[in-house]
1. So the label point goes 7 Å from the Cα of residue 152 along Cα→C-beta, right? Which residues of the stretch 158-187 then have their backbone N under 15 Å from it?
2. Based on the mean of other Cβ atoms within 10 Å per residue, sort peptides 182-192, 154-164 so the most packed one is first.
3. What Kirkwood hydrodynamic radius do you get for the stretch 1-106 when you take the inverse of the mean 1/r over all pairs of distinct Cα atoms, in Å?
4. What is the P(r) of the stretch 85-208, as percent of Cα-Cα pairs per 10 Å bin from 0?
5. At a temperature of 20 °C and a viscosity of 1.002 mPa s, determine how fast the stretch 16-58 diffuses translationally according to Stokes-Einstein, using the Kirkwood radius over alpha-carbon pairs as Rh; express D in µm²/s, rounded to the nearest whole number.
6. Would you work out the Kirkwood radius for the stretch 65-136? I mean one over the mean of 1/r across all pairs of different Cα atoms, in Å.
7. Would you mind working out the accessible area per residue for the chain, using a 1.4 Å probe, and quoting it in Å²?
8. Compute the convex hull volume of the Cα atoms of the stretch 142-183, divide it by the residue count, and report the result per residue in Å³ as a whole number.
Amino acid sequence: MEAALFDLDGTLINTEPRSLALWRMLLENHDIPHDEDLLRRFMGRRSSDVLPELFPDADSEALIAEVRSYYDRPGLPDILPVPGAADLVRRVVETGSPVALVTSAHRSWALDRLEEVGVAHLVQTIVTAEDVAVGKPDPAGFLTAADRLGVEPVRCVAFEDSLAGIAAARAAGMTCVGVATTHHPDELSHADLVIADLSGIDWPLTEI
């Protein structure tokens, strides 16, 4: 394997509990009935793709701005790096393999989170929500990253926590490691390898 492509939220940094709390606030503010399955629609996908499904007549950008207005609400879950994230990215780079980030988030969010993990300077290319016409589970983001790195998709390993992300990586023809931070490991069985977090895994991969 020649390159490592990482998802961000839930894979390198554990933002999903906070994000789900924010989406819950939005739905409650608009009297949209919801349960955990509905909230999980947001996991791994661009908000601009999910919001029209739930608010077909609303301005998605206005809804996203509303969610951002909740960022400073007290009591939101903390944002913490996924165990082993920084160490694994460093090991990949130390072997001479390139690293890409493929995220459904916007660029400003991605850059801030990479700084928190401590690996912003190690990521060779970043593909965000703004860079593709269609988000995950479409493979466009992963294929764009592989093209920028100059590595064939079949020689790439994608690290993903979400169902949409794993589907995107597999559709791109990449080996996929499922990171069970936001889903039960059994739900990620369509990945080539499932791990609890990024600690204890080495590069190049030997488990697959």
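1. Answer for the stretch 158-187: 173-175.
2. Answer by packing, highest mean first, reads 154-164, 182-192.
3. On the way: mean 1/r = 0.0646 Å⁻¹.
15.5 Å is the Kirkwood radius here.
4. So the P(r) values, bin by bin, are 14, 46, 38, 2.
5. Roughly 203 µm²/s, to the nearest whole number.
6. By the Kirkwood definition, the hydrodynamic radius is 13.9 Å.
7. Per-residue accessible area for the chain comes out at 44 Å².
8. Working: hull volume 2.3 nm³, N = 42.
Looking at the stretch 142-183, the number lands at 54 Å³ per residue.
The values are calculated or read from the model by the stated rules, or taken from the named source; none is laboratory data. Being a predicted model, the structure only gives us computed values, none of them experimental. For neighbour counting, all protein chains shown are included, and Cβ atoms are generated from backbone atoms with ideal geometry for every residue, glycine included. In case anyone asks, the SASA skips ligands and DNA or RNA and just uses the protein heavy atoms, side chains included. Shrake-Rupley method; radii C 1.70, N 1.55, O 1.52, S 1.80 Å.
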